[in-house]
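Below is one structure, written out as C-alpha cells; comments come after it.
The values are calculated or read from the model by the stated rules, or taken from the named source; none is laboratory data. Fair warning: this is a prediction, and the values are worked out from it, not measured in the lab. No Cβ is skipped: glycine too gets one built from the backbone with ideal geometry, and neighbour counts run over all protein chains shown. What goes into the accessible areas is simple: the full protein's heavy atoms, side chains included, and nothing from ligands, DNA or RNA. Shrake-Rupley method; radii C 1.70, N 1.55, O 1.52, S 1.80 Å.
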Amino acid sequence: DVIEIQDQENETAAEKFNVEAAEVLATSAQRLPLAQAAPIYEQLLQLYPTAAKFWKQYVEANMAANNDDATKQIFSRCLLNCLQVPLWRCYIRFIRKVNEKKGAEGQEETRKAFDFMLSHVGTDIASGPIWMEYITFLKSLPALHGQEESQRMIALRKVYQRAIITPTHHVEQLWREYEIFENSVNRQLAKGLISEFQQKYNSARAVYRERKKYFEEIDWNMLAVPPTGSSKEEQQWTAWRRLLAFEKTNPQRIDSDSSNKRIIFTYEQCLMYLYHYPDIWYDYATWNAKSGSVDAAIRVYQRALKALPDSEMLKYAYAELEESRGAIQPARKIYESLLGDGANTNALAYIQFIRFLRRNQGVEAARKYFLDARKSPNCTYQVYVAYALMAFCLDKDPKIAHNVFEAGLKRFMQEPAYILEYVDFLYRLNDDRNIRALFERALSSLPPEKSVEVWKRFVQFEQTYGDLASMLKVEQRRKEAFSSIDEDPGSVLEDSLEEVVSRYSFMDLYPCSTKDLDQLARQEWLVKHMGKKSGVSNGPSRGGGIFSPL
C-alpha cells in the first residue's frame, strides 16, 4: 500500500513538474513579445524558483526592452537564490549599462556591483571570466594624476591576488597575467610578490584539478523537481553529496571562515538543483548548527519549509533545534502547525505534542492535552499507548497508565495491536492474572481472522507463566478457533511435532537442528495445501507458521 501511494505521488509530481514541457515553454517564450512572454516566465518560475536559466531568459527579455525597473525587480527576486555565473554576468552587464554615462559616480557603482558579485559567486569554478572582466574594468578607469594611478594599481593587485588563489578554470591564465602585471609595475617588487604567492597559486591549481572531477559529474542544466527515484536523479544526488563531502575536508587548507563560506556556497548551489530534497535542507541546517551558527540553521529551516511546506520531517527537526536552544515558544508554534486545525491532524502529531508538553510544561499540561485530544475522531490507539507509556515510564505512575489502557480498550477492543501493547504493559507489572483476563476479553470479541497474533501471544504467555495443563489447553483452544476459517478443519485440529518444538524452545534455542526446523515448516505447509489440486511449489522455509516470532 505504501509503495502504491508513493507511485501515485510520483505520477502526480511528474505531471506537475514536466521538465520537457517546461523547456519547450521557455523556448517559445523567447520568440514572443515581452507582454506575452512575461506571464509564461512567471508560471515557469513559480514551479522552478531556482532555475537560473529561466530567470536569465526573463531578465534578458526585459533588458532588451529597456525595462530597467522591471529588470531590477527580477534581479532582486533571483540573484541571492541562484548562485550561477551566467545569471550574475547578466547582472553585471545590466549594471554597467545603466551606469555607463554617469561618470565617476557610475564607475563607483559598477565597482561596488563587481565586489558584490564576487562576494557571492567569486569562488565558483567557472568564475574566471568575472575576475578577468573586473580586472579589465579597473584597468579602463581613468587616472588623472599619480595618486589615482597608485590607487588603481593597488586595487588591481588586490583583485589579482584574490583571483590567483581561487580554483577556477582560468586560474593558470590569471596567474600568467598577474606575473605580467607585477613585472610591468616594478620588476624588483614583482620578484618578491610572485615568490610569496607562488605556493598559494600552486595550491589553488591543485585543488582546481581535483574539484573539477567532482564538477564534471554534475548536470548544471537540470531543473529542480521532487525526487521520483530515477537513476539519473540518484546519480546527481550522489554527485552533490560527494562534492559537499570534498568541500568539508577543506582541501585548500584555507582559514575556517573562508572554508565555511565555500561550503555554504556549495550547499546553496546544490539546493538550486536538489530544492525538493528534505535531506539536503536538513544536512545544511545541521552543518550550520554544528558550525556554531544556530541562527543560520534556523534561517535554512525557514527556507526549507517554504520549499517543502508539507514536510513533517523538517518541521520536527526545526522544532527540535528551537527546543534544544531553549526557544520553547517558537518550537511550540511549529508543533501547532503540525496539529493544524484538528480536522486532519494525524496521530503522530498528537503524540509528539504531548511529549513536547511533558518535557517543557510538565505532567499536568500533557494530561490536559491528552484529555482533549482523545475526543478527536483522529485520535487513534497509538495516542493512548503513547500517553500510557509516558505516564508509566516517565511519571512512574502505573495506576494512571493502567487507567488509560482500560479507557482505550472500550474504543479499540477490535485493534489487535492495541491489545498486544496493553499485554506488554501488564507483562512489565508481572500481572499474570490481569493478562489472562485481558486475553479472554479480547479473544471473546475479536473475529478469528484478526486474532492470529493475539492467540500467538496467549500461547507464549502460557508457556512462560502457565503449567503444562494450561499450555495444552490454550493451544487446543487456538486450533479450535482457527478451524472455523480453515478449508480443512481436520488438519488444523491434529497434533503436530511443531507444537512440541514451540513449547520447548527458548529465544534462539531449539530442541532440534536447523534442518529439522526447515523440514517441519515444509511439512506444515504441505498439510495446509494438500487438499488443493494445484501443483506443489517449493513452499516456505523456516520462519512461517508456528515458528514465526510469537
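What to note about this one:
- Unmet requirement for Phe116, which otherwise passes all of (1) among the aromatic types (Phe, Trp, Tyr); (2) farther than 30 Å from Pro33 by Cα; (3) open to solvent by less than 40 Å² (accessible area, probe 1.4 Å): (3)
- Checking each residue in segment 378-408 for being part of a loop (DSSP other than H, G, I, E, B) and under 33 Å from the mean Cα position of the chain (by Cα) picks out Asn378, Cys379, Thr380, Leu394.
- Note on segment 313-338: residues that are touching a residue at least 24 places away in the same chain (Cβ under 8 Å), within 14 Å of Trp281 (Cα to Cα) and either among the basic types (Lys, Arg) or surrounded by 15 or more Cβ atoms within 10 Å (Cβ to Cβ) (or both) total 5.
- For segment 188-207, the set of residues classified as of a type in the set (Gly, Ala, Ser) and within 42 Å of the chain's Cα centre (by Cα) consists of Ser203, Ala204, Ala206, listed by residue number.
- Helices (runs of 4 or more DSSP H) fully within segment 128-219 that include at least 3 residues being touching a Gly at 6+ places or on another chain (Cβ under 8 Å) and under 30 Å from Thr266 (Cβ atoms): 171-185.
- Qualifying position, being of a type in the set (Lys, Arg), under 30 Å from Arg299 (Cβ atoms) and open to solvent by 40 Å² or more (accessible area, probe 1.4 Å), among Arg157, Arg152, Arg162, Arg96: Arg162
- Leu550 falls short of the stated requirement of being modelled with pLDDT of 90 or more and under 43 Å from the mean Cα position of the chain (by Cα).
- Failed condition for Asp341, given (1) at pLDDT 95 or above; (2) open to solvent by 60 Å² or more (accessible area, probe 1.4 Å): (1)
- Criterion (open to solvent by less than 40 Å² (accessible area, probe 1.4 Å) and either more than 24 Å from Arg205 (Cβ to Cβ) or free of Cβ contacts under 8 Å to residues at least 12 places away in the same chain (or both)) met by exactly one of Gly122, Gly128, Gly146, Gly106: Gly106
- In segment 165-202, the qualifying residues are those that are out of contact with any helix residue (DSSP H, G or I) (no Cβ under 8 Å at 6 or more places or on another chain) and over 28 Å from Pro251 (Cβ atoms), and the one that is least open to solvent (accessible area, probe 1.4 Å) is Asn186.
- Checked against the criteria, Glu247 counts as assigned to a helix (DSSP H, G or I), open to solvent by less than 70 Å² (accessible area, probe 1.4 Å) and either under 30 Å from Ala163 (Cβ atoms) or not polar (S, T, N, Q) (or both).
- Residue match in segment 325-339 (condition: part of a helix (DSSP H, G or I) and out of contact with any helix residue (DSSP H, G or I) (no Cβ under 9 Å at 6 or more places or on another chain)): no
- Positions within segment 268-283 being in contact with a Leu (Cβ under 7 Å, 6 or more places away or on another chain) and of a type in the set (Ser, Thr, Tyr), in sequence order: Tyr282
- Residue list for segment 228-244, filter: in a helix (DSSP H, G or I) and not small (Gly, Ala, Ser): Lys232, Glu233, Glu234, Gln235, Gln236, Trp237, Thr238, Trp240, Arg241, Arg242, Leu243, Leu244
- If you go through segment 487-543 and keep only what is open to solvent by less than 70 Å² (accessible area, probe 1.4 Å), at pLDDT 85 or above, part of a loop (DSSP other than H, G, I, E, B) and not small (Gly, Ala, Ser), you end up with just Cys512.
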